[in-house]
Every structure is written in C-alpha cells, then in structure tokens.
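The values are calculated or read from the model by the stated rules, or taken from the named source; none is laboratory data. In this text the structure is predicted, and so the values were computed from the model without any measurement. We place every Cβ from the backbone using ideal geometry, glycine too, and count neighbours over all the protein chains shown.
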Amino acid sequence: MAGRAGGPALKEKRRPSRLWLFFWGRQRRGFPGLLVAVLLLALVLGLTFASRTGAALSYLLGLGLLALIALLAVLALVVAVVALLRRPGGR
C-alpha cells in the first residue's frame, strides 16, 4: 500500500556499520583456517607436557599469553578513551 495519506511514502534505510558488515555482511565460504589453527595450537600445547621441558615451556607460554592479554586490555582502553574524546559524526 504505497502512498498512504498520513504516513511517510518511503523510509530512508540506514546502511549497516562496518563492524556489522565485518561479522554479518556476507556469507563466509571456504576452509575454516582459524578454527583449525586454534585446534592445532591446543593439540601442540597439550603435547608439550609429554616432553621433559614441557612444564617449563608451558609456563613461559603462559607468561607470554598473559602479557598479550594485558597488551590487548590496554589497547582496548586506549581505543575507548579515543572514542570518548572524538566528536560524534554528523547526525
């Protein structure tokens, strides 16, 4: 029912954000490389305990992982502060 007397003729559709398009914009096809990489990494890290130096190696990898998580947390805080200080877009 186009062109009602009291309603808008056409609503302007808003375009989805880039973040939405990154995750949901198009169907992903092909080999799931990230899933395989995570599974292989879990297998390799699990097999490190079979060696004599596995516990020490696992400890060092754990410290590296904690440092990576701390770096990501600091980076997320910096991005949040920059987003707060940035002027909002033209609406």
Next item on the list: Output yes when any residue across the stretch 66-88 is modelled with pLDDT under 80, within 26 Å of the chain's Cα centre (by Cα), not in a helix (DSSP H, G or I) and not small (Gly, Ala, Ser), and no when none is.
Entry: yes
Item checked: Residue match in the stretch 28-41 (condition: exposed (fewer than 10 other Cβ atoms within 10 Å of the Cβ), in a helix (DSSP H, G or I) and modelled with pLDDT under 75) -> no
